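Novice: Mind looking over this structure? Questions follow.
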Amino acid sequence: MQFSGPSGATPWWHPELYARRRPNLLLRQGVLQAIRASFSRQGFVEVETPALQVSPGLEPHLKAFETRLEHPDGSTRPLYLHTSPEFAMKKLLVAGEERLFQLAPVFRNGERAATHHPAFLMLEWYRAGVDYRAIMADCETLLRAIAAACGRTTLRWQGQQADIATPWQYLTVQQAFEMHAGLDLDACIGTDPLYPDLAVMRAACAGIGIRVDDGDSWDDLYFRVALDRIEPKLGLGAPTVLYDYPIHMAALSRPRPDNARLAERFELYACGMELANAFSELTDAAEQLRRFEADMALKKRLYGYDYPIDADFIAALRHGLPDCAGIALGVDRLVMLLAGASRIEEVLWLPVSE
């Protein structure tokens with residue numbers, strides 16, 4: 001079977017296509033070296049955790065790859081390729097590591113587009129004793145170190161640019177929805193932040209010209225507004241940190257101490273593309289289990305199946321996850337932006353066969 005190159009039947013390994021792509025791949029190598037050097041200077045330890053997990057990650061809309069582990073006696077049990085190394089890395093925080101990072105191949109089924117690939121490289125790092133504000137600062141430090149090492153400061157995608165060296169923009173989710181969509185998101189949440197008001201959200205979206213379909217959930221409408229009106233305007237000129245999400249949209253995040261309606265979560269954008277997702281991590285085992293169960297009930301309703309909850313992860317939280325914060329950053333997307341590439345395959349050594 002051939003890989004699908006940009007010219008159709010020509011395979012990605014064809015020397016002509018590879019020669020065009022090779023400068024991006026050398027840039028990718030430089031980015032990985034800069035990442036490791038930056039974290040080494042800050043006293044982080046690099047870890048490696050298994051891609052095979054009992055639970056692949058419990059975000060309701062992610063689809064995992066399932067396999068089976070065969071024991072020597074011939075018995076089997078299901079395992080999954082992880083969609084993120086988060087659960088395993090948090091277990092290492094419980095074990096005593098205080099600063100750790102990982103460059104992890106991760107796997108998500110049903111995703112293939114200009115900025116999505118079924119197998120991609122995730123950079124995750126966690127720090128004990130800090131909150132999401134420290135991770136925001138880490139992002140600026142890391143991207144500027146990468147830019148300096150690779151000799152470029154401008155990120156480019158779809159005709160947009162963002163300069164890493166200029167002051168970054170910081171916006172709350174509420175501010176972004178008001179500024180770019182004219183929608184009061186807090187009013188659309190209603191009185192119970194864990195179960196936001198669908199009727200209010202439907203009316204507000206219709207009022208600003210957003211399509212509202214029968215069967216749309218609150219989250220469906222949120223993402224429709226975000227994708228249509230918000231994300232294309234984020235990270236233009238300089239990277240943008242979008243922070244303080246509705247609490248029900250951050251199952252792994254702790255609430256703000258001064259406003260329990262909001263989660264200490266942020267996402268990083270450049271040129272209208274999401275690069276990273278970060279949290280002040282939830283450490284309460286009982287609350288984490290409740291959120292996981294609610295998310296899997298939602299997944300079951302939406303898709304007809306769910307994933308197992310990692311009991312060992314909940315046990316680790318009960319033992320004691322320290323106050324901490326962490327982030328997942330898409331390495332391939334960052335290389336895309338540094339290279340000015342239009343599709344993710346242009347920065348991969350070889351893509352997954354279609």
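None of the figures in this text is laboratory data; all of them are computed from the coordinates on show. This structure is a prediction, so every number in the text was calculated from the model and none was measured. Using ideal geometry, Cβ is built from the backbone for each residue, glycine included, and neighbour counts are taken over all protein chains shown.
Novice: In the chain, what % of DSSP beta bridges are antiparallel (nearest 5)?
Specialist: 90
Novice: Still on this structure, I have one more. What's the extension gain from Ser40 to Arg211 if we count 0.36 nm per residue and subtract their Cα-Cα distance?
Specialist: Contour length minus Cα-Cα distance gives 56.7 nm.
Novice: Quick one: which of 99-111, 263-275, 342-354 comes out on top by average Cβ neighbours within 10 Å, and what's the full order, highest first?
Specialist: Top of the packing list down: 263-275, 99-111, 342-354.
Novice: Over all directions, average the projected area of the Cα convex hull of the range 233-354 and note it in nm².
Specialist: Taking the Cα atoms of the range 233-354, their convex hull projects to 10.6 nm² on average.
Novice: While we're looking at this one, here's another question. Students often check this: by mean Cβ neighbours within 10 Å, which of 71-82, 226-237, 291-302 ranks highest, and how do the rest follow?
Specialist: 226-237, 291-302, 71-82
Novice: Let me ask something additional. Packing-wise, with mean Cβ within 10 Å as the measure, how do 14-25, 171-182, 197-208 rank, highest first?
Specialist: The densest-packed peptide leads the list: 171-182, 197-208, 14-25.
Novice: Additional query: Between the range 240-265 and the range 201-234, what's the alpha-carbon centroid distance in Å?
Specialist: Distance between centres, Cα-based: 20 Å.
Novice: Once the Cα gyration tensor of the chain is found, what semi-axes does its equivalent ellipsoid get, as square roots of 5 times the eigenvalues, in whole Å, sorted largest first?
Specialist: Rounded to whole Å, the semi-axes are 30, 27, 23.
Novice: Continuing with this model, one more query. List the residue ranges in the chain for DSSP H helices whose C-alpha atoms run 20 angstrom or more along the long axis and whose Kyte-Doolittle average is -1.0 or above.
Specialist: 15-41, 132-150, 285-303
Novice: Hey, another quick one. Given the pairs Lys63/Lys90; Lys233/Lys299; Lys90/Lys299, which span a C-alpha to C-alpha distance of over 26 angstrom in this model?
Specialist: Pairs exceeding 26 Å: Lys233/Lys299.
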